[in-house]
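Chemist: What follows is a structure written as structure tokens; I'll ask about it next.
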Amino acid sequence: MLVCKGLSKAYQNVLVFKDVNLHFGQRSHLLIGSNGSGKSTLLRILAGLEAPYKGEVNWQFTSTPRIAFASESVLPPDVYTAKEVFALVENYNEVDFNKKAELIDALKFMAFLDTKVAELSSGSLKKLLLICALMKKSEVLLLDEPFASLDKISQEKMQEFILSDERFRIVVDHHQLMPNEGIVEMPNSAKAKL
């Protein structure tokens, strides 16, 4: 489904990872690795939000896949309300409105629809990002720490939604709530100057 060949990434001449070769062959993957190994950076590269310094990403789909991505490293504008963020997502993506309504209800998010992004708690912000990703119709789902900042009940609900999702997915999960199938490990890359 996905092959990463010789990927390297650096910021301002500081290497994040070098010559990473990974194969994602199943539908569901848990991406693990030590802190600072570049898991979140890799997800942003896979989402097409950043380019690698070197190497290539080869999606094994008949056409370029649509990707739904949720990460606190990519946030909506602070001045938008949650409702406005949803409208923005809906304007530029094909969405499943039933799934959106189901997620809003299950995560008890209705009370926050008129709240600005800057005023959301970390848990409510996480819910907003996850709802936006999960309501998109896409072939690929990339989730960076989907359980962080969520209360126990919301973690359980989110786990159910993610596990029932049929899309090709890669999840980074330090809370260890995802099953240990399809584990892919980031190699440890010591940070060094290029």
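The values are calculated or read from the model by the stated rules, or taken from the named source; none is laboratory data. Only a predicted model underlies this, so the values are computations on that prediction, with no experimental measurement involved. Note: ideal-geometry Cβ built from the backbone for every residue, glycine included; neighbour counts use all protein chains shown. In case anyone asks, the SASA skips ligands and DNA or RNA and just uses the protein heavy atoms, side chains included. Shrake-Rupley method; radii C 1.70, N 1.55, O 1.52, S 1.80 Å.
Chemist: Would you check if there is a residue in segment 33-42 being surrounded by fewer than 21 Cβ atoms within 10 Å (Cβ to Cβ), under 12 Å from GLU185 (Cβ atoms), in contact (Cβ under 8 Å) with a residue 40 or more places away in the chain and not hydroxyl-bearing (Ser, Thr, Tyr)?
Modeler: Looking for residues that are surrounded by fewer than 21 Cβ atoms within 10 Å (Cβ to Cβ), under 12 Å from GLU185 (Cβ atoms), in contact (Cβ under 8 Å) with a residue 40 or more places away in the chain and not hydroxyl-bearing (Ser, Thr, Tyr), one finds at least one in segment 33-42, hence yes.
Chemist: Okay, moving on. If MET186 passes every condition in (1) at pLDDT 95 or above; (2) under 26 Å from ARG27 (Cα atoms); (3) touching a helix residue (DSSP H, G or I) at 6+ places or on another chain (Cβ under 8 Å) but one, which one does it miss?
Modeler: Of everything listed in (1) at pLDDT 95 or above; (2) under 26 Å from ARG27 (Cα atoms); (3) touching a helix residue (DSSP H, G or I) at 6+ places or on another chain (Cβ under 8 Å), MET186 misses just condition (1).
Chemist: State all residues of segment 1-32 that are open to solvent by 50 Å² or more (accessible area, probe 1.4 Å) and outside any strand (DSSP E or B); if no residue qualifies, say none. Show your work before the answer.
Modeler: From segment 1-32, those open to solvent by 50 Å² or more (accessible area, probe 1.4 Å) are 1, 5, 11-14, 18-19, 21, 23, 26-27, 32; that's our starting set.
Of everything in segment 1-32, those that are open to solvent by 50 Å² or more (accessible area, probe 1.4 Å) and outside any strand (DSSP E or B) turn out to be MET1, GLN12, ASN13, GLN26, ARG27.
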